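Read through the structure below, which is laid out as structure tokens, and then see the notes.
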Amino acid sequence: MNTPTERDHIGIFGKMNSGKSSLMNLLTQQETSIVDATPGTTADTRVAVQEIHGLGPVKLYDTAGLDEASVLGGKKRKKVLDRLDESDLALLLIDPGGKSFRPEEEIVRRVRERGTALLTVYNLFRPSDRGRIPAVEAAVPELKFFPRISLRADDPAERSALLGFILEHFRSPRRPVPLLPPVRRDGYYILVIPMDAETPAGRFLRPQAMVEEHITRNWGYPVSFRLDLSRGRSREASEREGEKARFLALAEGLPRRPELIVTDSQALDLLAGWCPNDIPLTTFSIVMINYQSRGRLGLFARGAKVLKTLRAGDRVLIAEACNHSRIGEDIGTVQLPRLFGERFPGVRIEHSFGREFADPGELRNYRLVIHCGGCMISPQLMLARVRELEALGVPATNYGLALAWFRGKEVLEKVLAPWGVREEGDD
Ligand SMILES: Nc1nc2c(ncn2[C@@H]2O[C@H](COP(=O)(O)OP(=O)(O)OP(=O)(O)O)[C@@H](O)[C@H]2O)c(=O)[nH]1
Ligand code: SF4
Ligand SMILES: [Mg+2]
């Protein structure tokens, strides 16, 4: 359930007389804002707090035109831009019949910097306006990264198309998807957490802490298993078997069959072999990419299929959203590059760290992007990355999914199964 503070903030932006107030009224089905042919009618932001069927509770902002004389320089301009920063979704209303598109360009640049969701609405004042849209997109090339719709803002019959468009493309950052598949009350969940001397003391990593909290909150029992990776991978059979037996003693010895095992992705080489067939398995980075991308795990699963098509000379970007100091068997800098070296000699591996990410000009040159769980960036920023990749047609997968793929089709299927996502049509 949403509390009042969890309303989505939807702002309507654009030039004077582009039809912003008409669009506001179309959404609210009321005369919320004054619509008039006089440019600059909406001199200050009009706010409407409302429950909109389909969208839920929202706060709508109808703003002044960014090209309005008193907005251009002064405090009003800052107020419009502040509203833009407060918006979870910006609706950019464009009259394709206009000449300069500088205000639109400014809005697009700002939302891209902040990772705000943006949807473009072309307001077709004249029948000829549809044919002018390509010229607008030539003037503001970055518009192609965002979904668009064309309609008449003053026509009540367009409301359902507008609502359908918003619902299809907008995932609210305020209504997160559940962190895990439904947690069973009194069910056991094993969290496989390797630690070494360099693992920070005093706390779990963010994905581990989030999963533990989520299970507990939902009346399940999280059970942590500290895995000794070096024993598990030891050349000595007795050490390897000993570590496996220690794990199985836990997995098989609980009062009830575990509902799910969530492992650190870097231990997938071991867990893929050890996990009993009837116990579901996934990884922390898969949990996180699904959560941070607001449920787009299917997109990252499809991206994994590109792995088998890689050729020498292809470029692959490994994107890691944190800048922590890298240790031992780090996935992004050690494990994945080693697996690529063995399987795909000649494929060029490149990295981006933290908030840095390739710009569109660079991004389009990659055959595949492999993203970590992304827990250190906001869902808005993760979604902005996903939108950019989709717009460029660059496939993306994830650390856990890629590591699973290298272990074989069955392992990939196993780590996706708890999410109801299938590794479709591999051959
Ligand atoms: N023909 C036509 N007229 C429209 C359409 N949308 C809006 N208008 C008209 O355009 C004028 C401006 O509309 P508003 O909704 O007030 O535009 P605005 O962007 O809020 O304008 P400001 O508040 O002055 O910045 C009004 O006369 C509307 O009736 C449309 O789709 N077709
Ligand atoms: S940002 Fe990525 S690499 Fe860093 S802890 Fe989160 S999931 Fe792991
Ligand atoms: Mg107005």
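The values are calculated or read from the model by the stated rules, or taken from the named source; none is laboratory data. These numbers come from a predicted model, not from an experiment. Don't worry about glycine lacking a Cβ; one is built from the backbone with ideal geometry, like all the others, and counts go over all protein chains shown. Accessible surface is based on the protein model in full, side chains and every heavy atom, while ligands, DNA and RNA are left aside. Shrake-Rupley method; radii C 1.70, N 1.55, O 1.52, S 1.80 Å.
Some notes on this structure:
- Screening the candidates Leu392, Leu339 for the property of being over 30 Å from Arg233 (Cβ atoms), open to solvent by 20 Å² or more (accessible area, probe 1.4 Å) and more than 16 Å from ligand 1 (Cβ to nearest atom) yields one hit, Leu392.
- Within the range 136-186, the residues that satisfy the criterion of being open to solvent by 70 Å² or more (accessible area, probe 1.4 Å), farther than 30 Å from Pro280 by Cα and in contact (Cβ under 8 Å) with a residue 24 or more places away in the chain are Lys144, Arg148, Arg152, Asp154, Pro156, Leu167.
- Considering only residues in the range 121-135 that are without any contact (Cβ under 8 Å) to a residue 60 or more places away in the chain and closer than 17 Å to Asn17 by Cα, the one that is nearest to the chain's Cα centre (by Cα) turns out to be Tyr122.
- Scanning the range 206-221 for residues that are without any contact (Cβ under 8 Å) to a residue 60 or more places away in the chain and surrounded by fewer than 18 Cβ atoms within 10 Å (Cβ to Cβ) gives Ala209, Glu213, Thr216, Arg217, Asn218, Trp219.
- When Asp228 is tested against the conditions (1) within 30 Å of Glu390 (Cβ to Cβ); (2) modelled with pLDDT of 95 or more, the lone failure is (1).
- Checked against (1) open to solvent by 50 Å² or more (accessible area, probe 1.4 Å); (2) closer than 20 Å to Phe145 by Cα; (3) among the charged types (D, E, K, R), Glu413 passes all but condition (2).
- Yes/no for Thr32 being near ligand 1 (Cβ under 8 Å from one of its atoms) and among the polar types (S, T, N, Q): no
Rundown of residues vs (1) hydrophobic (A, V, I, L, M, F, W, C); (2) more than 16 Å from ligand 1 (Cβ to nearest atom); (3) not in a helix (DSSP H, G or I), yes/no style:
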position: Val262; (1), (2), (3): yes, yes, yes
position: Ala272; (1), (2), (3): yes, yes, no
position: Ser285; (1), (2), (3): no, yes, no
position: Tyr291; (1), (2), (3): no, yes, no
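- Between Leu297, Leu317, Leu336, the distinction of being touching a Ser or Thr at 6+ places or on another chain (Cβ under 7 Å) and closer than 14 Å to Asn398 by Cβ belongs to Leu317 only.
- When the range 351-389 is filtered for residues that are of a type in the set (Lys, Arg) and crowded, with 18+ Cβ neighbours inside 10 Å, the ones remaining, listed by number, are Arg367, Arg385, Arg387.
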